[in-house]
1. Looking at (1) touching a strand residue (DSSP E or B) at 6+ places or on another chain (Cβ under 7 Å); (2) over 19 Å from residue 141 (Cβ atoms); (3) surrounded by fewer than 16 Cβ atoms within 10 Å (Cβ to Cβ), which one does residue 224 not meet, given that it meets all the others?
2. Can you confirm whether residue 134 is outside the structural domain of residue 191 (by TED's automatic domain parsing) and either buried (at least 24 other Cβ atoms within 10 Å of the Cβ) or polar (S, T, N, Q) (or both)?
3. What strands (runs of 3 or more DSSP E) lie completely within segment 217-336 and have 2 or more residues being out of contact with any Asp or Glu (no Cβ under 8 Å at 6 or more places or on another chain) and of a type in the set (Asp, Glu)?
4. From 92, 63, 111, 59, grab the single residue that is surrounded by fewer than 14 Cβ atoms within 10 Å (Cβ to Cβ), out of contact with any Ser or Thr (no Cβ under 7 Å at 6 or more places or on another chain), of a type in the set (A, V, I, L, M) and modelled with pLDDT under 95.
5. Does residue 274 qualify as being touching a residue at least 40 places away in the same chain (Cβ under 8 Å), of a type in the set (A, V, I, L, M, F, W, C), surrounded by fewer than 18 Cβ atoms within 10 Å (Cβ to Cβ) and in contact with a Pro (Cβ under 7 Å, 6 or more places away or on another chain)?
6. Identify the residue in segment 67-121 that is in contact with a helix residue (DSSP H, G or I) (Cβ under 6 Å, 6 or more places away or on another chain) and among the aromatic types (Phe, Trp, Tyr) and, among all such residues, is nearest to residue 317 (Cα to Cα).
Amino acid sequence: MTRRARAFWHEAPGRGALREVELPEPGPDDVVVRTLFSGVSRGTETLVLGGRVPENQYAVMRAPFQEGDFPGPVKYGYLNVGVVEEGPERLAGRTVFCLYPHQTRYVVPAAAVTPVPPSVPTGRAVLAGTVETAVNALWDAAPLVGDRVTVVGGGMVGCSVAALLARFPGVRVELVDADPARAKVAEALGVAFAPPADAAGERDLVVHASATGAGLSRSLELLRHEGTVVELSWYGDRRVALPLGEAFHSRRLTLRGSQVGTVSPARAATRGYADRLALALELLADPALDALVTGESAFAELPEVMPRLASGEIAALCHRIRYDGEDAGAGPRSAA
């Protein structure tokens with residue numbers, strides 16, 4: 001039996017298309033997954049859509065099941081929730097998360113999917129990859145009870161970090177963003193909010209996720225003596241200037257990078273990628289995280305929706321893609 005599906009491809013800068021694909025025959029250790037929802041990781045995927053992945057980052061930026069190569073055409077994405085239609089008995093019929101692109105059905109090794117706990121609604125589970133990034137960031141940051149912590153940048157990753165920090169005993173968390181609309185998200189997550197000019201200072205820890213030079217500079221300004229900024233932003237092909245000739249040395253500040261591609265050294269000896277993702281899914285039982293899903297579209301609309309997300313015409317944290325009734329379809333569709 002020939003299995004067919006449809007997938008979203010980044011065809012050229014600013015343009016995507018739906019392509020019909022033929023699925024491989026599953027082996028005894030594979031699963032066939034029918035997608036229910038996928039999520040657009042707006043920051044990274046809009047860089048991919050714009051063809052702005054630096055050449056020296058092509059290998060680092062590859063998604064686990066990416067097809068094609070940067071700058072494109074490329075099938076890219078990593079927030080996918082579906083139901084196992086065929087596979088080992090322990091997984092058959094279960095809802096699973098997978099780091100797979102936007103595609104109606106797919107075949108992957110059974111080890112590549114993680115069951116979604118019954119306590120987590122299917123639509124919320126698309127956030128697992130982003131919450132996994134937040135888990136790794138906090139393993140790197142190692143906040144302590146009673147710390148004063150600021151998250152600069154109220155995007156999908158920043159809000160995920162703020163949501164997890166809100167669970168730490170005695171930690172006072174402030175989300176800082178130039179968009180006043182993020183105040184409602186901060187309220188839903190149970191953290192304080194401030195615009196950059198009004199952000200509280202003397203912070204023990206600042207997590208930066210705005211992907212702007214101004215945001216990173218402001219993060220350094222907010223630290224107490226010997227405080228730490230953990231940098232989560234990815235800037236693509238942009239260079240960032242920093243005021244390191246001011247108080248950076250005299251105040252003995254620390255700027256530390258964090259990246260989800262490797263497990264934090266703080267936990268690498270005892271945790272693996274599967275452990276980290278399973279923990280992220282457990283944490284998604286918190287309904288407050290629904291505030292991070294700020295829009296939804298049908299899969300068939302994705303070629304039109306993705307450029308609007310990239311341009312900012314659609315304001316979004318996580319934009320969810322719905323696959324109700326989707327199947328292979330008749331052929332490719334595209335939109336500039």
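The values are calculated or read from the model by the stated rules, or taken from the named source; none is laboratory data. Remember, it's a predicted structure, so these values are computed and weren't measured experimentally. Neighbour counts are summed over all protein chains in view; Cβ atoms, including those assigned to glycine, are modelled from backbone coordinates with ideal geometry.
1. (2)
2. Judged against the criteria, residue 134 is not a match.
3. It comes to 223-231.
4. Matching residue, one of 92, 63, 111, 59: 59.
5. The answer is no for residue 274.
6. Checking each candidate, the answer is 78.
One line per residue, one yes/no per condition, for (1) part of a strand (DSSP E or B); (2) modelled with pLDDT under 95; (3) in the same structural domain as residue 318 (by TED's automatic domain parsing); (4) surrounded by fewer than 17 Cβ atoms within 10 Å (Cβ to Cβ):
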{"site": "8", "(1), (2), (3), (4)": "yes, no, yes, no"}
{"site": "21", "(1), (2), (3), (4)": "yes, no, yes, no"}
{"site": "26", "(1), (2), (3), (4)": "no, no, yes, no"}
{"site": "33", "(1), (2), (3), (4)": "yes, no, yes, no"}
{"site": "36", "(1), (2), (3), (4)": "yes, no, yes, no"}
{"site": "39", "(1), (2), (3), (4)": "yes, no, yes, no"}
{"site": "44", "(1), (2), (3), (4)": "no, yes, yes, no"}
{"site": "48", "(1), (2), (3), (4)": "no, yes, yes, no"}
{"site": "53", "(1), (2), (3), (4)": "no, yes, yes, no"}
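Here's the yes/no breakdown for (1) hydrophobic (A, V, I, L, M, F, W, C); (2) more than 24 Å from residue 99 (Cβ to Cβ); (3) free of Cβ contacts under 8 Å to residues at least 40 places away in the same chain:
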| site | (1), (2), (3) |
| --- | --- |
| 133 | no, no, no |
| 141 | yes, no, no |
| 146 | no, yes, yes |
| 155 | no, no, no |
| 168 | yes, yes, yes |
| 177 | no, yes, yes |
| 185 | yes, yes, no |
| 193 | yes, yes, yes |
| 200 | yes, yes, no |
